[in-house]
Amino acid sequence: MDRWIAPGRVNIIGEHTDYNDGFVLPIALSLGVVCAAASRADPRVVLTSAQRPGEIVEMAPDELAAQRDRLPRWARYPLGVVHEFRLRGYPVGGLSLDLDGTVPIGAGLSSSAALCCAVTLALRDLYAPDLGERALIEIAHAAENRFAGVPTGLLDQAASILCAAGHALLLDVRAFTAANTGATEQIPFDPAGHGLALLVADTGHPHDLSDGAYAERRAQCAAAATALGLPSLRAAVPTDPARLTDDLLRRRARHVVTENARVVAVADGLRAGADPRAIGPLLTASHTSLRDDFEVSAPALDLAVEAALGAGAHGARMIGGGFGGSVLALVDHTATDRVRDAILDSFAAAGLDAPRVFPVEPAAGARRLD
Ligand code: GLA
């Protein structure tokens, strides 16, 4: 069988901005999901995963929609992709899909988007070679939103498909959705070249975007935009949030407006070749805003951020949807061990299970392996 790989992502900055038509700045990870795929002679879709030993999910492709609710949750992501191709008229019939992933699940590193994107790429090469990158992102996104039922924005799928090694991807979601030119920009980003490291601490407190709090944040942002008479919070100017009389909506809107400004400032700095240490305070400000105004942090995330900063990180923040998951810290390469130990010690002192702390670098986006 041929194989395709799609990576997970770390968002450098721009959290909960994607579904508000705003800016994001992710990098791809070297961790990813590998999909081995081949057409079958019989009209069955047969799915296995190395992370689900002994489990085989098998059905006729035209039964997918009817059987959706009976499928194990993990299987809804890859089979949602099959379903989306069929909805678009591509002749996906008998098919074997064998999955294997290294992105930790529930860590806020986009394991689900990596899974959908790996399958999407495989099916493009097998059945739909005319599909461009935008269509791939839309299919992977639709599979996750419509079939798996998780109301995410475009950040994760765009990062997995579009990111390039050695670069951060600046994505302007409003321009991307409108299919405008200039919606994406690859910005050189070489922390190691500046004596820096990006440390991820997976707190082990899983986040679950299907539990309602994520959808609730989306609804609050939409309500804030409506109250301001705007198509989305992307269109808000810095003085707009203060016009909202509802305190909760005001804080939600303030996060989105200030976060978009921080993404642009980070992108401007990196593009100009500034020392990446200068982006540290913006990362930390993002965390404070996510914690206080957007209220999507969690005690374990705050603890990891504080420990990293206390041990000399230039900046640190929670990444992804929140409520659990991972923290990113920008540290001097020489301080890597000190910051890692400080995070581990803080968790031990709080009686929490040890987090997994590991370095990441801007890696390549989704591609065929062989
Ligand atoms: C999750 C979603 C993304 C994005 C982030 C928050 O990762 O999948 O679309 O909204 O949360 O920035």
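Each residue in segment 289-318 was checked for being touching a Ser or Thr at 6+ places or on another chain (Cβ under 9 Å), surrounded by fewer than 20 Cβ atoms within 10 Å (Cβ to Cβ) and within 27 Å of Arg217 (Cα to Cα), and 3 pass.
The single condition among (1) within 9 Å of the ligand (Cβ to nearest atom); (2) of a type outside the set (A, V, I, L, M); (3) crowded, with 23+ Cβ neighbours inside 10 Å that Cys117 does not satisfy is (1). The residue of segment 78-93 that is nearest to Val327 (Cα to Cα), among those that are touching a residue at least 12 places away in the same chain (Cβ under 8 Å) and of a type in the set (Gly, Ala, Ser), is Gly80. Return the total of residues in segment 94-115 being part of a helix (DSSP H, G or I) and either of a type in the set (Gly, Ala, Ser) or free of Cβ contacts under 8 Å to residues at least 60 places away in the same chain (or both). Looking only at that region, the number is 4. Of the set (1) within 23 Å of Leu230 (Cα to Cα); (2) crowded, with 22+ Cβ neighbours inside 10 Å, all apply to Leu249 but (2).
Beta carbons closer than 6 Å, at least 6 apart along the sequence or on distinct chains, pair a first residue in segment 21-32 that is in contact (Cβ under 8 Å) with a residue 40 or more places away in the chain and within 14 Å of Ser110 (Cα to Cα) with a second that is buried (at least 24 other Cβ atoms within 10 Å of the Cβ) and basic (Lys, Arg) for Pro26/Arg9; Ala28/Arg9. Restricting attention to segment 125-166, which residues are in a loop (DSSP other than H, G, I, E, B) and away from the ligand (no atom under 14 Å from the Cβ)? Those that are in a loop (DSSP other than H, G, I, E, B) and away from the ligand (no atom under 14 Å from the Cβ): Ala128, Pro129, Asp130, Leu131, Gly132, Cys163, Ala164, Ala165, Gly166. Of everything in segment 198-226 that is among the hydroxyl-bearing types (Ser, Thr, Tyr) and more than 14 Å from the ligand (Cβ to nearest atom), the residue that is modelled with the highest pLDDT is Thr226.
Which is within 24 Å of Ala222 (Cβ to Cβ) and within 21 Å of the chain's Cα centre (by Cα), of Gly280, Gly321?
Of the residues listed, the single one that is within 24 Å of Ala222 (Cβ to Cβ) and within 21 Å of the chain's Cα centre (by Cα) is Gly321.
One residue is enough: does segment 39-54 have a residue meeting the conditions on the phi > 0 side of the Ramachandran plot and away from the ligand (no atom under 16 Å from the Cβ)? Yes; the residues of segment 39-54 include at least one that is on the phi > 0 side of the Ramachandran plot and away from the ligand (no atom under 16 Å from the Cβ).
Do we find that Leu99 is within 16 Å of the ligand (Cβ to nearest atom), out of contact with any Asp or Glu (no Cβ under 9 Å at 6 or more places or on another chain), at pLDDT 95 or above and not hydroxyl-bearing (Ser, Thr, Tyr) in this structure? Taking the combined requirement at face value, the residue does not satisfy it. In segment 314-337, the residues that are more than 19 Å from Gly8 (Cβ to Cβ) and away from the ligand (no atom under 16 Å from the Cβ) form Cβ pairs under 9 Å with partners that are assigned to a strand (DSSP E or B) and charged (D, E, K, R), at six or more places apart or across chains, as follows: His314/Asp332. Of the residues making up segment 243-266, those that are more than 16 Å from Asp292 (Cβ to Cβ), over 24 Å from the mean Cα position of the chain (by Cα) and part of a helix (DSSP H, G or I) number 1.
I need a count of the residues in segment 317-342 that are in contact with a Gly (Cβ under 8 Å, 6 or more places away or on another chain) and under 27 Å from Asp18 (Cα atoms).
11
Kindly provide the set of residues from segment 95-114 that are crowded, with 18+ Cβ neighbours inside 10 Å and more than 17 Å from the chain's Cα centre (by Cα), ordered by number. Scanning segment 95-114 gives Leu95, Leu97, Leu99.
The values are calculated or read from the model by the stated rules, or taken from the named source; none is laboratory data. Given the structure is predicted, the values throughout are model-derived calculations rather than measurements. So basically every Cβ, Gly included, is an ideal-geometry build from the backbone, and we count neighbours across all protein chains shown.
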